[in-house]
1. Tell me which residues come under 5 Å, amide H to amide H, from Gly310 once H is placed; ignore anything under 5 positions away on its chain.
2. Pop out the carbon and sulfur fraction of the accessible area of the range 220-362 as a percent, whole number, probe 1.4 Å.
3. Just to compare against my own numbers: the Cα pair-distance distribution for the range 14-84, 10 Å bins, whole % per bin, please.
4. Taking θ = phi - 60°, what integer Hz values does the Karplus form 6.51 cos²θ - 1.76 cosθ + 1.60 yield along the range 281-295, in sequence order, with x for Gly and Pro?
5. Quick one: with all protein chains in place, what share of the accessible area of the range 74-122 is carbon or sulfur, to the nearest percent (1.4 Å probe)?
6. Give me the 1.4 Å probe accessible area per residue for the range 237-345, excluding ligands and nucleic acids, in Å².
7. For the pairs Lys186/Lys321; Lys239/Lys289; Lys289/Lys330; Lys243/Lys355, flag any whose C-alpha to C-alpha distance is greater than 26 Å.
8. Could you pull the accessible area for Lys321 with a 1.4 Å probe, rounded to 10 Å²?
Amino acid sequence: MMIDILKSLGLTIGAFFANPILYIGLFVIFLIAHRRVQKERVAFHTRVTDKIADFVIPFLPALLIGLLISAATLGIGIVITMEVVFVMIAASIVMVLTTSVRWMSPSYIIGLTLLAVAFAPVFTEVSMLQNIAAFLSGFPLHYIAVILALLVIGEGLLIYRNGDVYTSPGVERSKRGKWVGFQEAKRLWIVPVFFFVPTGIIPGFEYWPVFSLGETSFQPILFPVLVGFGQRVRSALPKEPIKMMGMRVAGLGVFLGILAAASYWYPFVAVLAASLAIILREVLWMLAKARDEAGPSFYGSRDKGCVILGVIPNSPATKMKLQVGETIVKVNGQTVHDENSFYEALQLNAAAFCKLDVLDHSGEVRFTQGALYDGEHHQLGVLLVKQDYQLQDSVV
């Protein structure tokens, strides 16, 4: 019995690793990490976190959300066919080809899948698509609508809990021609989700769970769902707007869940749900972008102090508990207002030790001090926005 269960579990997991979407997703994560490091090195002559962070940071949250969604899909008894699986793979590839990580979202991928299945009868006359269109015709749309709602809720939870972890700093020209900073969250979660498929698609064993519906039996498979997210924040600390986006996306998922329930009795509502998922997800992004651009730059130069744009992990700045968005007002007793004055103030202490007056997020001044790297007294480990510079080394 135990051997049969382990064999079936191995085959189910094997199907997960045989899915091309898994490797496409891993390649996309590699590209995200590579481009992030490149941009950081161009702007600051250093990277903030290693490339491996882009793989590690989303791993556990994706696994946990996958378990929650799988519990729902298995509990409800969501059934899909391999033809639907192929459409999901095709929709994922289409979104990946856009090269925009925010479009690699369940709102778009599953939304397109649902629309493709809904309009499959239109393509029964096309010779190349005749067979798959025939299999898709008549598939219960409310199943895909439920999957769409669950995954969009999961996307919202991922953004809320994990979207603002280790955002990447950057610089750009403002409308007035001055250099301003921003924080960018760009992440791809690969969420493993269980679905039921008809038995016989993959080998099964006597004791492996089987779900029966009428005369048909089903067994679970593990599918890698891509959940992409991208948001740039210029006018605030990244935590608040990104968490707000997560709450709104989760709310969209709840709304889609209501439509999915209604689609059980009125199938056309599933098409409406897919359309609204695509449209409203784009609207949420546009509203967040417009709101951010309407506010003043949070990371621009100030009359007094230097705003911290980034903190390098395991640096003296980390040990001194400096945080992104705080303002360094004084260094070794000297008032600073830009990177040049900051660097000059660091040179005052020949003992490679510095004292800082820092204005925290609450607007209160706190004092901190610590030793710098031996032989590199200028390397505190904070990234600043220069007032006007050619992109060069700006880590101090």
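The values are calculated or read from the model by the stated rules, or taken from the named source; none is laboratory data. Treat the numbers as computed from the prediction; the structure is a model and nothing was measured. The protein model used for the area step is the full one, side chains on, heavy atoms only, and it has no ligands, DNA or RNA in it. Shrake-Rupley method; radii C 1.70, N 1.55, O 1.52, S 1.80 Å.
1. Amide H to amide H, under 5 Å and 5 or more residues apart or across chains, Gly310 pairs with Leu383.
2. Reported share for carbon and sulfur atoms: 61 percent.
3. The percentages, shortest bin first, are 16, 33, 28, 16, 7, 0.
4. Those phi angles translate into 5, 5, 4, 4, 5, 5, 5, 5, 5, 5, 5, 5, 6, 6, x Hz.
5. The computed percentage sits at 79.
6. It amounts to 51 Å² per residue over the range 237-345.
7. Violating the 26 Å Cα-Cα cut-off are Lys289/Lys330; Lys243/Lys355.
8. Surface open to solvent at Lys321 totals about 150 Å².
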